[in-house]
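Chemist: Input: one structure, supplied below.
The values are calculated or read from the model by the stated rules, or taken from the named source; none is laboratory data. Everything numeric here is computed off the predicted structure, so don't read it as measured data. We place every Cβ from the backbone using ideal geometry, glycine too, and count neighbours over all the protein chains shown. When the accessible area is computed, the model is the full protein with side chains, heavy atoms only, and any ligands, DNA or RNA have been set aside. Shrake-Rupley method; radii C 1.70, N 1.55, O 1.52, S 1.80 Å.
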Amino acid sequence: MSHSIYIKLATFLVRADLRREEREWKRKVRRSRYDLPWHNVHLLRDIGLEADGRPIGVSVPIEAKAERHVRHIRRVLSLRIPT
């Protein structure tokens, strides 16, 4: 059974949106690079950042985020009552 073209389109658009957010986040980190001690890994860990500027902790892959978002969209659309 193949997925609906709308579900595929929704997945594509969600992934594109996540990539756009990632680029904006990287741009923001680059702009604020001079405010943090990027040269000292120990100080970064003390404030809760990895050496590349990402927060310490578990991060979810983009595909998992996209699938979760599509699942939510599918659930919302299936719960709509046609009036």
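Chemist: Can you tell me which residue in segment 46-83 is most open to solvent (accessible area, probe 1.4 Å), limited to those that are at pLDDT 85 or above and under 23 Å from ARG23 (Cα atoms)?
Modeler: ARG68
Chemist: Moving on to the next point. Where the second residue is among the basic types (Lys, Arg) and the first is touching a residue at least 12 places away in the same chain (Cβ under 8 Å) and lies in segment 1-23, which pairs have Cβ atoms under 7 Å and are six or more apart or on separate chains?
Modeler: So the pair list comes out as ILE7/ARG74; LEU18/LYS65.
Chemist: Considering (1) surrounded by 12 or more Cβ atoms within 10 Å (Cβ to Cβ); (2) at pLDDT 90 or above, say which one ARG20 fails and leave the rest.
Modeler: Condition not satisfied by ARG20: (1).
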